[in-house]
Ligand SMILES: *Cc1c(COP(=O)(O)O)cnc(C)c1O
């Protein structure tokens, strides 16, 4: 007889993976390397080492090693909040009246409230191991800054966070969580850096952007002895660390013989989705199994569905390397949306290459339909989801409703990346019926593309 699947499939502590999985090892055609924006040549380990700590540079450049051992210290930290559960969404299935089986991997059970802690702790560990004093980074909505503050506190590292000024002012609670963990939080642009002073002089009264916060964080890291810069998404190393999500999810589902037909995740820079799908995509690449994989992005920032696959700058300030990715252009300014973590103009090179190879699909969804899904989910499953995560919920519900029409009993797995306790202004707008949907016009998109590097690569 088939085993009844519990509401929550937990693994034991001992079942936390002992190695991360590097998806690139199984890709025949590898994602393009990062290029030096000045020479247009692939960045060397030496060049990268000025910005990132050496072990992470090695991980960034390694496209052949399939499994990378997780150091014991990191696994011990993981034990404080992992393994995270795979939940069978029985209540949501019932509410929808669908024959589909819905599962979600929940990454919100830690104070940072998202999956970002999985990579923050790894990056802090390698920085400490190298004998560094501290790390710098930028944060927009604040999830990454919070995760890095927690990780830095754990390893006794100094942490300097440049927080986009409008978020710094609008999200005082996130700022205070970071300060409680010992981080210095500076509203960006600030007068503490050369680039910040220049931006303030050129654009007095600006409330900042992620691109300008990145520029400040990189400047401080490269000008301060004993500091390096760290980034919470997009990079290969971040996808590697996030593979812990997919490895755990697969192990849990395998216990009950559940093989998902469809795997869904929201995509900002692509780190949670890249992590969730890693072992499944590995099987797909090796021809051992097939899965439908869907990336969900906001209609306001549609990198996959309306972007170009080309080399582009990773930041607005154009100081970061060029990456080959699906992009709207580094100068594309997405309209205000409440899914701050999905407002990046590009997508990580690995997922971009897989999308180009048609190994995965993408859909763009509008904000109000995302909050409708979030609210339905919260009422039946109990968890208040982050707006970013709710993009995946939207599409999981849509796929389950298609099964209701066809009578198919598909198995759907999606990534629930975090909780929305710090996003209540967004929920307030939705509850008051004041939430708008912003979709860029073709003209807006053309304007973004006009900011891409004028080189033929
Ligand atoms: C940052 C964030 C995302 C998006 O980032 P990815 O790198 O695309 O995973 C999604 N959900 C939450 C809760 C986040 O904080």
Query raised in the report: Any idea how far the Cα center of region 93-172 sits from the one of region 317-386, in Å?
Result: 17
Query raised in the report: Tell me, what is the FRET efficiency for residue 441 and residue 358 to the nearest 0.05, using R0 = 30 angstrom and their Cβ-Cβ distance as r?
Result: 0.65
Requested in this report: Could you list 343, 286 in order of exposure, starting from the residue whose Cβ has the fewest other Cβ atoms within 10 Å?
Outcome: 286, 343
Query raised in the report: Using the Kirkwood radius built from alpha carbon pairs, what does the Stokes-Einstein equation give as D for the chain at 25 °C and 0.890 mPa s, in µm² per second?
Result: 112
Report summary line: With label points set 7 Å from each Cα along the Cα-to-Cβ direction at residue 173 and residue 411, the distance between them in nm comes to 3.7
Report task. Return 190, 12, 368 ranked ascending by Cβ neighbour count within 10 Å, so the fewest neighbours appear first. Result -> 12, 368, 190
Requested in this report: Just the number, please: percent antiparallel of the DSSP beta bridges in the chain, rounded to the nearest 5.
Outcome: 35
Query raised in the report: What distance in nm separates the simple spin-label points at residue 109 and residue 222, each placed 7 Å from Cα in the Cβ direction?
Result: 4.2
**Report entry** Cα gyration tensor shape for region 271-321, rounded if a/c is under 1.5, else prolate or oblate
**Finding:** prolate
Query - Per-selection Rg to Rh, region 345-439 - Cα, Kirkwood hydrodynamic radius - result: 1.01
Report summary line: Summing -39500 (n - 2.57) over every DSSP H run of at least 4 residues in the chain and dividing by its residue count gives a helix-only mean residue ellipticity at 222 nm, to the nearest 500 deg cm²/dmol, of -12500 deg cm²/dmol
Query raised in the report: For region 94-160, how big is the tail of P(r) above 13 Å, as a whole percent of Cα pairs?
Result: 65
Report summary line: With a Förster distance of 45 angstrom and the Cβ-Cβ distance between residue 13 and residue 308, calculated FRET efficiency to the nearest 0.05 equals 0.50
Requested in this report: With a ≥ b ≥ c taken as the square roots of the eigenvalues of the C-alpha gyration tensor of region 221-306, please select rounded if a/c is under 1.5 and otherwise prolate if a/b is larger than b/c or oblate if it is not?
Outcome: oblate
Report summary line: One point scatterer per Cα, no solvent, Debye formula: log10 I(q)/I(0) for region 27-164 at q = 0.12, 0.15, 0.19 Å⁻¹ comes out as -0.66, -0.92, -1.19
**Report entry** Spin-label pair residue 201/residue 289, simplified geometry with 7 Å Cα→Cβ offset, distance in nm
**Finding:** 5.8
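Each reported figure results from applying straightforward, stated rules to the coordinates on display, with no laboratory input. Predicted model, so just to flag it, every value in this text is computed and none were measured. All Cβ positions, glycine included, derive from the backbone under ideal geometry; neighbour counts span all protein chains shown.
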